[in-house]
1. Please give, to one decimal in nm, the separation of the simple spin-label points placed at residue 40 and residue 202, each 7 Å out from Cα toward the Cβ.
2. Excluding residue 165 itself, what net charge comes from residues whose Cβ is under 9 Å from its Cβ, given Lys and Arg +1 and Asp and Glu -1?
3. Average the reciprocal distances over every distinct pair of alpha-carbons in segment 62-189, invert the result, and give the Kirkwood radius in Å.
4. For a footprinting-style exposure proxy, rank 44, 339, 156 by other Cβ within 10 Å, fewest first.
Amino acid sequence: TNNHQSIRAQSLFIAFPLLSKEMSAGGEAAEGELEAVRKEFEDDVEALHSYNVKIVLRKSRVRSVGVSVQFPAEYPNAPLIVEVKSSTLPDEVTKKLEKAAEAEAAKQKGTIHLLNTLQFLKNIVFSNKFLSCTDEVKRIKLRAEELKEDIFKFSDKNGTIKIAAKENQYEATVRITVPDNYPDEGVACELLKTNFNDGISRIFTNQWNEGVRRLVQGFKTMEELEKEKERPREETRITTSALRDIKHDQVFLKQAGDMKKISENDKKVRRQLTRLNKKEAEAEREKAKADEARSIVNDGRMPARPSLEFAVSFFLDDFVHRLPNDVCQGCQKKVFPADPAKRTSFKPFQ
């Protein structure tokens, strides 16, 4: 566990320079502050000096940051200097965390505020579930601006997006929840209310959850696979790596062939041929291992893919805004009745 924490800390603090007292901002922590930090953060403390403090704030694999604090010469009458780094969160997020922490420290200047500032940052990292999907949330908010008749409600504390969408006379309300371990754990999708046919609603919900499950397993969604089928096939090209393998095989076959011709009466050449075959066999085994590793990834046993944006777009584009306008390919009439109240006489798949 300690080794794991050490490796984790190295990855988080890779961008932080090593500081000596001479390289610091010139100030020092007040008496008792460091001990208070040690008690509060315990194993998450990576460096605890009177001139520099480093801790790790980790809620999940993605919601993890490293925090480095320096003390200005006028501390505590001047606010702390805070730097936040992360190997899993975007730079835009860490910069916002830095600004928020320094603004909080500025409010408390004149009093010791190291512990309060670190607790403030910890509260953000541990309570804001959208930190692990900021780019997705940003794009969803842009989508919300485009769909002015649909209602979106975002809660970063609860990690939920509630959407009430309408198309013609059809409507549906859903709640999508981001878990703490996102994206390693998929979003939870709930259909709260709708006036669509019960059977259609069940089919949609099953496909919705299946798409999330596939993404968590690392697979492509069925929709992505269908789109790939529609793309025109690209011309097959031989890669540089493939050309290298072909040239290597040609050289090996030539060497082996030449040696074989003269090996019947030459023990030295036979030994060279044996060594060459062993060397080639070892190279083939290594290549097979690499191919197997790639096949494992391609099989879907790879890191989970984000599922939040898929869940939102599938609800909007493949359910609410699509189905009321779908046209039968045979009679060219709309599949769904204009009035949802007539849905009881509409019995697909029966």
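1. The two pseudo-label positions are separated by 5.3 nm.
2. Once positives and negatives cancel, what remains is -3.
3. 16.7
4. 339, 156, 44
Computed from the coordinates by the stated procedures, all read-outs in this text should not be read as laboratory data. Quick caveat: nothing in here was measured; it's all calculated off a predicted structure. Glycine gets a Cβ as well: all are built from the backbone with ideal geometry, and neighbour counts include every protein chain shown.
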